[in-house]
Every structure is written in structure tokens, then in C-alpha cells.
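Have a look at the structure below, then the notes.
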Amino acid sequence: MRQIGKLALPLGLGFAFLYLPLLLMALFSLNDSRMVTSFSGFSLRWYAALWRNEALMEALFLSLRIAAISATMATILGILAGFALARLGRFRGRTAFAALMAAPLVMPEVIIGLSLLLLFVALESAFGFPARGAGTVAVAHATFSAAYVAVVVQSRLAELDESLEEAAMDLGARPWGVFRQVTLPLAAPAVGAGWLLAFTLSLDDLVVASFVSGPGATTLPMVVFSAVRLGLTPELYALATLLVLAVALALVLAWRLLRRWPG
């Protein structure tokens, strides 16, 4: 009990530092005044104004679509990469493959964005495609998000008992059947976590998207960054509050699902 008492104060200060700004942001999203420096009463007017703000809403829906597509692509690539690293043993070129998969984890985003921009420009000059836009942003996000998914999936597969897969093969299941009916269901929590992580990374990204996006493909972080330089508005507070509530709801649902998941 004494140890808990000693830790209560630093823990409380740490949580206050993390979550008090979010609470203040939610409070000021209900501010009746347009001035973000003073609170004059409660109102939902800025949530209605947010819904009428076409630039913000279009950027939000575009970012959600890009995040869903890139997260799905990253999850497919990450599953294959994680399975190769966890189940194929010491195959030829494994060290180089592992290094290539880990590179996006430590490489600065500005380098990733610049290199992908040069790649897309070279491809467009040589073949006429891809034109920079939402598609290039989704591909760019998938390239670096796949590394995060691979790490999560590899960690999950490394702790699973391989005897279950061997038993399925002994009973006559083919390798693809073992992967689809045994390995993938057992790794499903990691796959779901990897998809959510890739989705979050895509939705949050500003640097890479700024390099590879084109006309008509302005993502939400780009719009918010441009708006913040001109001054904060209660509409941005309302948008951020809705995103925080959506993330909190997703975390609660994921927690309840993981509690019911076997293993």
C-alpha cells in the first residue's frame, strides 16, 4: 500500500499531463464564443458549423477512405511478411528481408516522403501513371504501415504453439488450408491490432501525404495544419473531440472483443 501511495502522485501528474488537454479541448468545443481564449457558455453551435464546413468534411471522409484502403493493403503485406519471418526459418536472404521490413520503423518520414515522391514522378514520366492523388497517398501509407503490421503479426506467431499447425498437416490439411483455418484465426487479434495501427498511422500522417498528394487529394491533417497556422477555431476543437470520442469507442469495443477471444 505504501508503494501504491508513493506512485499515486507521479501517476496522477502523468495522466493529468496526457488527458487534461483533451478535456480542455472538449470543453472549448462547447464554447458559445468564437474566441478560444475565453469561455462564455455552453453551446453546440460549432458542431453544427463543422457539419456545414465542406472543406473539413471532405478532407475527413477522404482521409477515412485512404486510411481504410491503406490499412487493408498494409495488413495483407504485413501478414505475409510476418509469417515469412516467424515460420519460414533461416531462408536465404532473410537478414536482408528483415532489414528492409524494419527500415520504415526507424527512417524519418521526410525521407520516406521524398523517396516516394521521386518514385511516383519517375513512374509517371516513364509510363504516364500513377497521377498523384488519393491513390498515391494510400500506396505510400501502405508501404510504411506494412512494417508495423509485420512486427505485430510476427510477435503473435512467435508465441503460438506450432504443434497445432503440425497436427493439422498430419491430418491431411494442405499448407494453404493450415494457414487459412489454423494460423490466421489464431493470429486474428494481432491482425486486427495491426489493421487498427495502420489505420491510425494513415489518418494521422501529414509529412508523407504532403509529398505524394496531388490536386483534390488534401487529407485532414493537411487541412488542419493549414488552418492552425491561420489561428485556432472552435470547429477544429469540435472535430478533434469527435475523433477522440470515436477512438475511445473503438478502444472499448476492441477491449471487449479481446476479453472474449480465446487465448
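Bear in mind that the values in this text are calculations on the coordinates, not laboratory data. Just so you know, these numbers come straight off a predicted model, no measurement behind them. Please note: Cβ atoms are built from the backbone with ideal geometry, for glycine as well, and neighbour counts cover all protein chains shown.
Annotations
- Excluding exposed DSSP-loop chymotrypsin sites (Phe, Trp or Tyr not before Pro) (at most 14 other C-beta within 10 Å), longest clean stretch of the chain: 92-263
- Estimated [θ] at 222 nm from DSSP helical runs (n ≥ 4, -39500 (n - 2.57)) normalised by residues in the chain, nearest 500: -25500 deg cm²/dmol
- Here's how it looks for ARG132: its modeled amide H is under 5 Å from none belonging to a residue 5 or more places away or on a different chain.
- Those GluC sites (Glu not before Pro) in segment 76-178 that DSSP places in a loop and that have at most 14 other beta carbons within 10 Å: GLU162
- Taking amide H as placed 1.01 Å from N in the peptide plane, ASN31 has its amide H under 5 Å from the amide H of SER43, each at least 5 places away in sequence or on another chain.
- Label corresponding to mean projected area of the Cα convex hull in nm² when calculated from the structure given, among [x] 17.6; [y] 13.6; [z] 20.4: [z]
- Under the Karplus curve 6.51 cos²θ - 1.76 cosθ + 1.60, θ = phi - 60°, whole-Hz ³J(HN,Hα) for segment 88-95, x wherever Gly or Pro sits: 8, x, 8, 7, 5, x, 4, 4
- Only the Cβ atoms of Lys and Arg (+1) and of Asp and Glu (-1) were treated as charged; on that basis the dipole of the chain about its Cα centre amounts to roughly 360 debye.
- Residues LEU62, LEU230, arranged from fewest to most other Cβ atoms within 10 angstrom of their Cβ, appear as LEU230, LEU62.
- Couplings for segment 122-137, taken from phi via the Karplus curve 6.51 cos²θ - 1.76 cosθ + 1.60 with θ = phi - 60°, read 5, 5, 5, 5, 7, 10, x, 8, x, 6, 5, x, 5, x, 5, 5 Hz in order; Gly and Pro are left as x.
- Shown in residue order for segment 48-55 are the 3J(HN,Hα) couplings computed by the Karplus curve 6.51 cos²θ - 1.76 cosθ + 1.60 at θ = phi - 60°: 5, 5, 4, 5, 8, 7, 5, 5 Hz (x for Gly and Pro).
- Farthest toward positive dipole pole in the chain [+1 Lys/Arg, -1 Asp/Glu at C-beta], among PHE91, LEU253, ALA227: LEU253
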